Amino acid sequence: MSVRQAVANVMKKKRHIINRLLSETLAASSSSSSSFSSTAPVSCGRSKFSYQHWRINRDPRLWFFLSGNAAIILAINSNTVLAKDASLESSPENESHEMEGADAMQLRKIEDGSVKSNIHTSKWRVFTDKGRELFLQGKLEEAEKLFISALEEAKEGFEKGDPHVASASNNLAELYRVNKLYNKAEPLYLEAISILEESFGPEDIRVGSAFHNLGQFYIAQRKLDEARICYEIKRCVLGLNHTDYADTMYHLGMVLHLQGKEKDSEALVQDSIRILEDAGQGESIMCFKRMRYLAQIYLKSNRFEEAEKIQRKILHIMELTKGWNALDTVITAEGLALILQSTGSLKEAEELLERCLEARKALLPQDHIQIGANLLHIARVAMLNFDQVRNIDYPEAISELDKAKDALHESIRIARCSLDKLMKQNRKIRSYGASGEVGNNGRLPLVILLQASDALGHLEITKKQLQGSKQSEHSSNIEAENALHKCISAYKEFVTERSIPESPEINAEYLKCLKHLLSLNSDSTSKRKQQSAGVNFQDLREEIKRLEVKLSPPRKRKI
């Protein structure tokens, strides 16, 4: 019987346990109006949390955190770190001191000679190291063969229930996850949890970490109840006020946010930040990340003042600890500027963006794409300034439009320069016989090029309207059309030709350009329509329809 079938059978018998845990969790969440800090972990007695209790046919994608006897596998965001051998390594700076101590002690036990040494264990180490190297190089097919061999050697050399087998299982599972072979990955994750439970007991921190990993596996498929259970289990294992407990609360808060439980999500994220601050980690990258996420929660619910307060707090700490010679400070300041832009505080937003631009020019290479993005933000603020003075101060209004136009032209130039540089590198790689691709590296420059060109088209139309041009209707929007035609030519050059893969972001910006071009010409004379740079408007409408279908959310089939 397969692991999947076995777990499914147990699930039928244990369904009431999951239902109880979920119902208690929901009750606890609803009873807390502002913070989870006073709420005891749900079902956190001395009961055994077997992986068999929580399996419900699911799949993966996001952050990674798991551990085994031979190695602690740690990663943040999408950066995967695979298991290594038993050598003792320093923990990342953002890991808690308690976790660091536990890991080091466990690894020392291994180096003290408590681990078997034979031909199979030696091969396991070699296959794991080489597989990890290939994995990080993106050579997944070759890495898979080595990870399979590593798992086989671990079972031969350490016995099937040894934590080294759990480590090998997790590595192979992660590779399958990246390859989206989810049915192959899940049994390996579950097997690893089972081994760790048997080896260290259900309340060991490594078991909690493995459940964290399984929770991420479920999040990717939006199986949020199952992911939530995994985080609740880890929360129970760790106990209150552990800094890694704060990590669990943060991820549980993310799950609740995805479920639409904004209030509960906010409370958990706030408490995870509080725990880090109380532990002296309030200035850590991890804490900043959570504060930014909390700010995003506020922004999505239009609570701009609260979002601004958090962003100012982050910027203040950044200025004190790193100064303006660090890109982290610049990016944080830019985030605050965009919030201020949303609230109408345009003067301060403009000042911050100008300072960010000055810092970026000093820190980054000439024509770096971040400079192009910064200029695009400045142009948007200038357009908003124009809207405020257009009816009361004509010279100032024209000045703001000219400022926006200059910034947009420069942003377009930089984006185009970045794309051309990527294409040149691509051709050079291909000349050596390698399969070079612009790929995702070209996504940001292309999005900026499309956004800036679309904004320039809108600006030209606005300027003509402000000046009250006496020119004929069909000649008044030539500059606007030219700007929008740049969108079409750029999309054809870089996406249609397969240099840059399609993405929702690129398609959404391209769709805006097409709609604006169609709208612009719908008001023109029929003669002008026929002369519009050879554009076939029927083809334009069909392309708009194609993109709308592509970007629309999938409909659920009725059963």
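Applying the condition of being under 17 Å from ASP454 (Cβ atoms) and buried (at least 16 other Cβ atoms within 10 Å of the Cβ) to region 410-424 and asking which residue is modelled with the lowest pLDDT yields LEU419.
(1) in contact with a helix residue (DSSP H, G or I) (Cβ under 9 Å, 6 or more places away or on another chain); (2) farther than 24 Å from GLN259 by Cβ; (3) touching a residue at least 24 places away in the same chain (Cβ under 8 Å): which one isn't true of LEU190, the others all being true? Going through the list (1) in contact with a helix residue (DSSP H, G or I) (Cβ under 9 Å, 6 or more places away or on another chain); (2) farther than 24 Å from GLN259 by Cβ; (3) touching a residue at least 24 places away in the same chain (Cβ under 8 Å), LEU190 breaks only (2).
Each row is one residue, and each column tells you yes or no for (1) buried (at least 16 other Cβ atoms within 10 Å of the Cβ); (2) in contact with a helix residue (DSSP H, G or I) (Cβ under 8 Å, 6 or more places away or on another chain); (3) in contact (Cβ under 8 Å) with a residue 40 or more places away in the chain.
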residue: ALA362; (1), (2), (3): no, no, no
residue: GLN366; (1), (2), (3): no, no, no
residue: ARG380; (1), (2), (3): yes, yes, yes
residue: GLN388; (1), (2), (3): no, yes, yes
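Taking the criterion of being out of contact with any Ser or Thr (no Cβ under 7 Å at 6 or more places or on another chain) and under 18 Å from LYS234 (Cα atoms), the residues of region 255-272 that qualify are VAL255, SER265, LEU268, VAL269, SER272. For region 532-542, the set of residues classified as over 14 Å from CYS487 (Cβ atoms) and modelled with pLDDT of 60 or more consists of ASN536, PHE537, GLN538, ASP539, ARG541, GLU542, listed by residue number. Limited to region 255-282, what total is found for residues that are of a type in the set (Lys, Arg) and not in a helix (DSSP H, G or I)? So the answer is 1. Can you name the residue in region 249-260 that is surrounded by fewer than 19 Cβ atoms within 10 Å (Cβ to Cβ) and of a type outside the set (Gly, Ala, Ser) and is also farthest from LEU336 (Cα to Cα) among such residues? The selected residue is GLN259.
Annotation note: Cβ proximity below 6 Å between a residue of region 532-559 that is closer than 20 Å to SER522 by Cα and a residue that is at pLDDT below 85 and surrounded by 12 or more Cβ atoms within 10 Å (Cβ to Cβ) (sequence gap 6+ or interchain) occurs for SER532/ASN521. Note down all Cβ pairs under 9 Å where the first residue falls in region 408-419 and is in contact (Cβ under 8 Å) with a residue 24 or more places away in the chain and assigned to a helix (DSSP H, G or I), the second is surrounded by fewer than 20 Cβ atoms within 10 Å (Cβ to Cβ) and among the hydroxyl-bearing types (Ser, Thr, Tyr), and they're at least six residues apart or on different chains. Pairs that qualify, where the first residue is in contact (Cβ under 8 Å) with a residue 24 or more places away in the chain and assigned to a helix (DSSP H, G or I) and the partner is surrounded by fewer than 20 Cβ atoms within 10 Å (Cβ to Cβ) and among the hydroxyl-bearing types (Ser, Thr, Tyr), are LEU419/SER499. Considering region 273-297, and only residues there that are closer than 17 Å to LEU340 by Cβ and in contact (Cβ under 8 Å) with a residue 24 or more places away in the chain, the residue that is surrounded by the most Cβ atoms within 10 Å (Cβ to Cβ) turns out to be ALA295. State whether the residues of region 200-207 include one that is within 20 Å of ALA227 (Cα to Cα), of a type in the set (A, V, I, L, M, F, W, C) and in a helix (DSSP H, G or I). Yes, region 200-207 contains at least one residue that is within 20 Å of ALA227 (Cα to Cα), of a type in the set (A, V, I, L, M, F, W, C) and in a helix (DSSP H, G or I). Among the residues of region 298-340, count how many are free of Cβ contacts under 8 Å to residues at least 12 places away in the same chain and of a type in the set (S, T, N, Q). Within region 298-340, residues that are free of Cβ contacts under 8 Å to residues at least 12 places away in the same chain and of a type in the set (S, T, N, Q) number 1. Looking at ASN325, ASN302, just one residue is modelled with pLDDT under 95, in a loop (DSSP other than H, G, I, E, B) and within 28 Å of GLY280 (Cβ to Cβ), and that residue is ASN325. When HIS212 is tested against (1) in contact with a Lys or Arg (Cβ under 8 Å, 6 or more places away or on another chain); (2) outside any helix (DSSP H, G or I), just one condition goes unmet, and that condition is (2). Checking each residue of region 283-295 against the condition of being part of a helix (DSSP H, G or I) and more than 20 Å from the chain's Cα centre (by Cα) gives no match.
Of the residues LEU252, LEU352, LEU315, the single one that is under 20 Å from the mean Cα position of the chain (by Cα) and assigned to a helix (DSSP H, G or I) is LEU252. The single residue among LYS515, LYS529, LYS545 that is more than 30 Å from ARG427 (Cβ to Cβ), modelled with pLDDT of 85 or more, basic (Lys, Arg) and surrounded by fewer than 16 Cβ atoms within 10 Å (Cβ to Cβ) turns out to be LYS545. Exactly one of these conditions fails for GLY161: (1) more than 31 Å from the chain's Cα centre (by Cα); (2) assigned to a helix (DSSP H, G or I); (3) surrounded by fewer than 23 Cβ atoms within 10 Å (Cβ to Cβ); (4) without any contact (Cβ under 8 Å) to a residue 40 or more places away in the chain. Give me its number. Here GLY161 meets the rest and fails (2).
The values are calculated or read from the model by the stated rules, or taken from the named source; none is laboratory data. Computed from a predicted structure; not experimentally measured. Methodologically, a virtual Cβ is constructed for each residue, glycine included, from the backbone with ideal geometry; neighbour enumeration extends over all protein chains shown.
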